[in-house]
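The block underneath contains the structure these notes are about, expressed in structure tokens.
The values are calculated or read from the model by the stated rules, or taken from the named source; none is laboratory data. The structure displayed is predicted, hence computed values, not measured ones. Using ideal geometry, Cβ is built from the backbone for each residue, glycine included, and neighbour counts are taken over all protein chains shown.
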């Protein structure tokens, strides 16, 4: 038989702890080792009980969850941390992930999803509530767009600009990309508009300054 997923619950609301313990009681592969009511107690119990998984709220009195996560990364063996909270703002989500949390779900998550999260993080994976996953994906997509030069350009327009910056003519670009000359002229016109330039030379200077070409 596989070893049970040993769990420590860390939350300052007694009713929520009882509900969570009741849910865990329906999972024969899970063993609850204890409960903490604040971050300091969570760290102390983790050092004493060595749970594999900690279900931890972010905002608790007497030592908040974020500080606890940072301290728990130094506990040996290091527990896996699943944040279970009502807070879904970007600051809370990314602060928890930076601190070392392996998953992040909301307290109103349904029971099946909560059990999947417990299994996933307890067995070494990572998981997020759908709303949180969408937020994370949007954040990194936006970061990727911001990191790329000229984020207003489409990938095709950026590719044409890059070839322009290498000194290629429209006809050569069309042949290289298997496009019509008219299509390339349209892309070049869009590039001029989005870069707020009036000539090919100005566009090339902007592209080379940004590292294209």
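Figures for the structure shown
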| item | result |
| --- | --- |
| Failed item in (1) within 18 Å of residue 33 (Cβ to Cβ); (2) out of contact with any strand residue (DSSP E or B) (no Cβ under 7 Å at 6 or more places or on another chain), with residue 52 passing the rest | (2) |
| Qualifying residue in segment 122-139 (condition: crowded, with 18+ Cβ neighbours inside 10 Å, under 24 Å from residue 22 (Cβ atoms), touching a residue at least 60 places away in the same chain (Cβ under 8 Å) and in contact with a helix residue (DSSP H, G or I) (Cβ under 6 Å, 6 or more places away or on another chain)) | no |
| Enumeration of residues in segment 204-213 that are in contact with a helix residue (DSSP H, G or I) (Cβ under 6 Å, 6 or more places away or on another chain) and either surrounded by fewer than 18 Cβ atoms within 10 Å (Cβ to Cβ) or assigned to a helix (DSSP H, G or I) (or both) | 204, 206, 207, 208, 213 |
| When residues of segment 56-70 are limited to those that are part of a loop (DSSP other than H, G, I, E, B) and either within 19 Å of the chain's Cα centre (by Cα) or not assigned by TED's automatic domain parsing to the domain that holds residue 102 (or both), the one farthest from residue 13 (Cα to Cα) | 58 |
| Filter result for residue 112 (loosely packed, with under 13 Cβ neighbours inside 10 Å, in a helix (DSSP H, G or I) and assigned by TED's automatic domain parsing to the domain that holds residue 71) | yes |
